[in-house]
Each structure stands twice: as structure tokens, then as C-alpha cells.
Amino acid sequence: MSLGERLEAAPVVALARRALAGVDGAWIAGGAVRDAALGREVDDLDLAVAGETSTAAKAIAREGRGHSFELSAEYATWRAVAADGSWQVDLTALRGETIEADLAQRDFTVGAVAVPLGGGEPVDPFGGLPDLDARLLRAVGEGSFATDPLRLLRAARLASALGLEVDPGTVALARAEAVRAAEPAGERQLAELRQLVGGPDPLRGISLLDQLGLTPVVLPELEALRGVEQGPNHHLDVHGHTIAVLEQTLAVEVDLDRFCGGRADEVAALLAEPLADEISRGTALRFGALLHDIGKPATRSEKDGFVTFLGHDRDGVAIVGGLGRRLRASRSLIRHLQDLTLHHLRLGFMVHEAPLPPRRVHEYLRATEPVGVDVTLLTIADRLSARGSGPFATEEAIEAHLALARQMLAAALDWRRDGPPQPLARGDELASELGLSEGPELGELLAELEAAQYAGEISTRAEAVDHARRLRG
């Protein structure tokens, strides 16, 4: 099937053609042409339009029974989108007098190809289609990155997502401009990073950030992990271990049956849930893998050959907060990543106590809420990545951790579904029975009653009140 035939087969193209029938000066460009050339489905369309983009967007929305709105007044960009989100068309005013002039201002040759909306031969002045055949990502011109430094991150994201090699000349151009990678607004950087980390090959995406010289500029916290040596439980420095944890996180994602037992479908559904900033819980877990040990460089200590990182979980919380604010992430996302960082050690410290009494399970669930499932998955990836010669890296130790993690995942899923036990006695009732006023003591008693109820030690209101009385002496 030819490129034109693939585009014609896409319902969104047919919709745009019906809506703009008889309109001259509209070209399919960018990602839609690239995806069609790669044999991928085309659900989203980018149109370069010589006329009024607002008029064209409204016509498409009307034809498709969707709606339209302005995306950017500066660039005369409008979007038409389906009511159910099944298709989307972005329309941008032609930059320059001709389509060739427009394509000359684009980032990479594989996106600088246009096809007339009404049909016809591709316009490919920079050899984008041959580059796609060669699986090559190449900048349109020497000023590509200087014009828009966000393209530096986009290069890593596109190459990893599409399985392309970056042209050596483009690598050189990127490295020469790498210092400017942090210039775009934080939310624009985050948008590229979330697609890179949440994409089909985040390991290669991170490697490309290194290759293009971008990691020290955009993620200096990750770069700072290089060369930070660890103790005998680890066979890699902190940076190498971090990449290994990301790799193991990906392995856990595709083998949930092994790690989650009969609850694999529930975990998969949880990971697919949207969290914040157009990031799913699964993608956030990948970010958590990259950030969980971010506090180690600041806390490393060595005495008599023994290496420690005491407090790196707590220090990491502050570092994650700073990184998130720099990238203008939402408070919800920042808090989620901070919680993963803060609690990633907790389960490992409990393995030697297995089998855990119910009170310890309750303590873990309360402490890690609302990331109990997520952080337990992170501990699995973390433990699988510790392959040194120390006592916590033995096969027996790893299997013990995995067994406890399966138990805790089940408990965390139940907690997430059912919530904590319904109180046997309300706070005001308990205060009245015991002659207490509102305050810390009452709060501590209520927390203790919840733990006792979870553990099956009390099951009625009378037992709860008696238990509270005994605690008060």
C-alpha cells in the first residue's frame, strides 16, 4: 500500500476532505504523514493551511460533530476534536508563502513531508521519506535546534519511540546546542520527558539524552548519580543501578502474573489509570524508578570500607520536589513521586520479620497510602537490580522480598478497594465515653483502634471502648 493509499484509508483524513472539499491550499504534514509512511494508524492529523485556520477547524468540527478551539493565537493554530476523543485535527497557518517554505522551518526531515489534502504526490524537499526508509532521524537544517531548543528533547523522544538512529551530523548539532535544552518552559520539557519515559523504549530514550548531551542540562539530578559507588549489595554505581531499576520496572510491567499472582489484572488496571499532567500511574512508576535514589549523592558516607546512604529517602523527597517545581509539574504528580521516593526502603526493612503480623501490614498500608501498590512494585524492581555479593543480594533474600511483596500487593489492593476498617466508635462517641476532649490523645486512640480492628483484636463497639480504656490505664 502506498503512502497516499494509507492516508486515504484513515477515517480522519476522509473527514477532513469532506469538510474542506473544494478548498485549495491544505496539506497533510508532520506526524500523520510520518506515521502513514511507517504503516501506523493515523488517528490524529496535522494540516498546514494557506487560508483561515479558524474557518477550516470549525468546518471539520461541524462535519465530524465535534468541537473546535484555538490553540495558539501567535501561530494561528486551531484544533478540531471528536466529542469522544476518537480523532483530532490540528490546523496551523502556512509558515511562508509556499508549502516548501513551511517545511523548511520544521524540525526533522521525517516530519518535513507534506501531502495535498485532496490527494497527490508527496512534497518532500529534504528527503524525509528516504530517511524513514533508512530509519534515520536527521535535522532539517543546521539551525534547527537553535531555532527551538525544545527540539533537542524531541530528538531523543522521537528516535526512541520510532526506533530511529540519530544522524551523526544531527548528534553533533544537538551536542553543540545542548546547553540550551533547559531554556523552554518547564511544562514543555515535562511534556517531552513524559512521552519519552512513558514511550515504548524509555531505556533507549534515556541513553539518547546522554548521547545528545542533554542529561546534565535537563536532569542534572540524574547525572549526579554517576560514579557514586555503593556497598557490596550492589554491583553498579548509583546511576547504573537506577537504570537497572528502570529496566526491571519494565520487566515487571510485562510479567505481572509472576510478581502479582492472581491480582495481575487489578495491578494492570491501576497502572493504566491517569494520575496527573497527562501521566498514567504506570509512567509515574517509571519516573519513580529514575528518582528513587536521587538523594544518595548528598548522603553518602564511608567508614572502614562500609558505605552508607542514611536518610537518602528523606533527602530525596526535597530533591524530587525541586525537580518537579522546575518542570512545573502539578502538586499531585510531585507528591506522588515524593511518596515513592520516601517509602521505597520500607518493605525491605520488613522482610526479616516475615510472616508479618496483621498490625505490621496495617502499619505499612497506612504509611504508604495512597501509593501502597505503586511503591511495592518499585521495591520489587529495586531488589531485582541489587546483584552484588552482600547478604541482601542473595537469591534467598530476593525471593523472600518477592514473596512479601506479593502478600503486600494483595493487602494494598484490598485496602485501595475497601479502604480502612469502618470505625467501631466515632471520635465524638469515644471522647464522651472516656471524658476526653478533641486533641492528639484522641487521635492516637482512634489510630490504635483502627490497627487493632484490622488485626482482628476487636470487632465490636464495646470492645473498642474497653480497649481504649485499658490503653489509658
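The values are calculated or read from the model by the stated rules, or taken from the named source; none is laboratory data. Note that the coordinates shown come from a computational prediction; the quantities given were computed from them, not determined experimentally. Every residue, glycine as well, gets a Cβ built from its backbone with ideal geometry; the counts of neighbours run over all protein chains shown. For accessibility, only protein heavy atoms count, side chains too; no ligands or nucleic acids. Shrake-Rupley method; radii C 1.70, N 1.55, O 1.52, S 1.80 Å.
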Percentage relative contact order, the range 243-334, counting C-alpha pairs under 8 Å, at least six apart: 23 percent
What does the convex hull of the Cα atoms of the range 41-145 come to per residue, in Å³, rounded to a whole number? 124 Å³
With contacts defined as alpha carbon pairs under 8 Å and 6 or more residues apart, what's the relative contact order of the range 40-158 in percent? 19 percent
Which of the listed residues, 149, 248, 318, is farthest toward the dipole's positive end in the chain, when Lys, Arg count +1 and Asp, Glu count -1 at the beta-carbon? 318
Give me the accessible area per residue for the range 173-274, probe 1.4 Å, as a whole number in Å². 42 Å²
Computed about the Cα centre, the charge dipole of the chain from +1 Lys/Arg and -1 Asp/Glu charges at the Cβ has a magnitude in debye, to the nearest 20, of 400 debye
Can you tell me the dipole magnitude for the range 414-473 around its Cα centre, using point charges on the Cβ only (Lys, Arg +1; Asp, Glu -1), in Debye to the nearest 20? 80 debye
The range 294-325 to the range 99-136: how many Å between their Cα centroids? 48 Å
If you roll a 1.4 Å probe over the range 314-369 with all protein chains in place, what percent of the accessible area is carbon or sulfur? 54 percent
Residue-normalised accessible area of the range 1-108, given per residue in Å² at a 1.4 Å probe: 50 Å²
Cα long-axis angle, helix 395-418 against the chain (0 to 90 degrees, to the nearest 10): 80 degrees
Coordinate range along principal axes, alpha carbons of the chain, Å, largest first: 87, 57, 38
Taking the chain and dividing mean pair separation by its residue count, relative contact order in percent (alpha carbons under 8 Å, at least six apart): 9 percent
Could you work out what % of the accessible surface of the range 162-226 is carbon and sulfur, using a 1.4 angstrom probe and leaving DNA, RNA and ligands out of the count? 53 percent
In the range 123-275, how does Rg compare with the Kirkwood Rh, expressed as the Rg/Rh ratio over alpha carbon atoms? 1.04
Pop a pseudo-label 7 angstrom from the Cα along the beta-carbon direction at both residue 24 and residue 223 and give the gap in nm to one decimal. 5.2 nm
Could you work out how much longer the chain between residue 278 and residue 172 gets when fully extended? Use 0.36 nm per residue separation minus the Cα distance between them, nm to one decimal. 35.0 nm
The answer for the net charge of residues other than residue 212 whose Cβ lies under 14 angstrom from its Cβ, with Lys and Arg +1 and Asp and Glu -1, is 0
Going by alpha carbons, how many degrees (0 to 90, nearest 10) lie between the helix axis of 358-368 and the longest principal axis of the chain? 40 degrees
So for R0 = 22 Å, FRET eff. of residue 71-residue 147 from the Cβ-Cβ r, to 0.05, ends up at 0.65
Rounded to the nearest 10 degrees, what's the angle between the helix 281-291 long axis and the longest principal axis of the chain, both from Cα atoms, 0 to 90? 80 degrees
At a 10 angstrom cut-off on C-beta neighbours, averaged per residue, how do the peptides 250-262, 377-389 rank from highest to lowest? 377-389, 250-262
Over the chain, the sum of -39500 (n - 2.57) across DSSP H runs of at least four, divided by residue number and rounded to 500 deg cm²/dmol, gives at 222 nm -16000 deg cm²/dmol
Which of the GluC sites (Glu not before Pro) across the range 176-241 are loop residues per DSSP, with 13 or fewer other Cβ within 10 Å? 229
Where does the charge balance sit around residue 7 when Lys and Arg score +1, Asp and Glu -1, over other residues with C-beta under 13 Å from its C-beta? -4
What spacing in nm lies between the two simple spin-label points modelled at residue 5 and residue 41, each 7 Å away from Cα in the Cβ direction? 2.1 nm
Mean Cβ-within-10 Å packing, highest first, puts peptides 35-44, 395-404 in the order 35-44, 395-404
Full extension from residue 269 to residue 304: what is 0.36 nm times the residue separation minus their Cα-Cα distance, to one decimal in nm? 7.9 nm
So how do 240-246, 305-311, 408-414 stack up, highest first, on mean other-Cβ count within 10 Å? 240-246, 408-414, 305-311
Length released on extending from residue 400 to residue 459, taking residue separation times 0.36 nm less the Cα-Cα span: 18.0 nm
Taking the Cα centre of the range 128-243 as origin, work out the dipole magnitude from +1 charges on Lys and Arg Cβ and -1 charges on Asp and Glu Cβ, in debye rounded to 20. 160 debye
Placing +1 on each Lys and Arg Cβ and -1 on each Asp and Glu Cβ in the range 242-393, then taking the dipole about the Cα centre, the residue among 334, 264, 350 whose Cα reaches farthest towards the positive end is 334
